[in-house]
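> Would you mind keeping the following structure in view while I ask a few things?
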Amino acid sequence: MPTDAGAAQRVIANVFRGSPYLPRVLEVLESALRFEDPEYLCLLAASGAEAAPDGLVLFGTILGARLATKVHAVVSVDPRVQLALVDAVRETCVRSGERLVICELPHDQPFDVAAVALAARGFHEEGRVEDLVRDGVALRLLVWRPAPEGGPA
């Protein structure tokens, strides 16, 4: 909710402070807090109802793509929180019948923990564009497809 903006911004700043990615991740959060575009949603993770958030995931539908979701960022310093957030997105997508979930991540330090969490939950690198983000930094395309009805995840 918009009342969580400050806490969510602190989580993002904690992970992305000093990186060139901070402004863009904050911009995506701002879009999610306006509730105007289904491409941008935010889910916070906290250890209790009154606790400060430990992490967040920014995700949403891909407009123009049938039953597809995009993860914009998985943000936490705690790998366990990142795993829980990825699980929450996957479970939501299974319930809504999504056919795939994609995540485009720079192959760069602030995204390393998220890449490990995504891989641990079945995301596979299906594409990479070298030097796209900047010289020496590739953009990775990670994809997860839910198992067919009744099949293994």
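> Of the residues that make up segment 107-121, is at least one closer than 17 Å to Val25 by Cβ, assigned to a loop (DSSP other than H, G, I, E, B), touching a residue at least 12 places away in the same chain (Cβ under 8 Å) and among the β-branched types (Val, Ile, Thr)?
no
> Going by the conditions given, is Val25 touching a residue at least 60 places away in the same chain (Cβ under 8 Å) and either surrounded by 18 or more Cβ atoms within 10 Å (Cβ to Cβ) or over 21 Å from Phe123 (Cβ atoms) (or both)?
The answer is no for Val25.
> How many of the residues making up segment 122-143 are open to solvent by less than 70 Å² (accessible area, probe 1.4 Å) and either closer than 23 Å to Ser76 by Cβ or touching a His at 6+ places or on another chain (Cβ under 8 Å) (or both)?
10
> Across segment 3-46, which residue is farthest from Val75 (Cα to Cα) among those that are part of a helix (DSSP H, G or I) and of a type in the set (S, T, N, Q)?
The extreme case among them is Thr3.
> Next question, about the same structure. Mind listing whichever residues of segment 69-85 are under 8 Å from the mean Cα position of the chain (by Cα) and open to solvent by 20 Å² or more (accessible area, probe 1.4 Å)?
Those that are under 8 Å from the mean Cα position of the chain (by Cα) and open to solvent by 20 Å² or more (accessible area, probe 1.4 Å): Lys70, His72.
The values are calculated or read from the model by the stated rules, or taken from the named source; none is laboratory data. All values reported here derive from a predicted model rather than from experimental measurement. Backbone-built Cβ (ideal geometry, glycine too); neighbour counts: all protein chains shown. Each accessible area value is taken on the protein alone, full model and side chains, heavy atoms only, with ligands, DNA and RNA left out. Shrake-Rupley method; radii C 1.70, N 1.55, O 1.52, S 1.80 Å.
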